[in-house]
Amino acid sequence: MCSNNNKTGVSAVLTPPLSPPSVLQQYECAICKAIYKSKAGLTCHKNIVKKYNERREDLYTLPSEAITEFKAHLVHVIQNKLKGIFLSRVDKLFLFLA
Ligand SMILES: [Zn+2]
């Protein structure tokens, strides 16, 4: 049986660390340059990216005309949004100059 001279019964011996703190190792995705603290995090990231890059069989394919039309609508909406921002800045410039 071990003898214990500590009154509380808890051994409180401080020992120095066995080795110096290890250098923080980082794992970087070669494609998007995202940095992870662990190799498991990087592996998880790669698995998620791989999952979303695989073509699903249950998705239907749109005709190319529908895709072209959708892109045209999208460009139109973006241009209108940018035009509003640009005009508001021009208005402010004319107010500043007047
Ligand atoms: Zn990545």
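The values are calculated or read from the model by the stated rules, or taken from the named source; none is laboratory data. No experiment lies behind these values; they were computed from the predicted model shown. Every residue, glycine as well, gets a Cβ built from its backbone with ideal geometry; the counts of neighbours run over all protein chains shown.
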For the range 54-78 the number of residues that are polar (S, T, N, Q) and at pLDDT below 90 is 1
For the range 33-43, the count of residues that are free of Cβ contacts under 8 Å to residues at least 12 places away in the same chain, of a type outside the set (Gly, Ala, Ser) and within 11 Å of the ligand (Cβ to nearest atom) equals 3
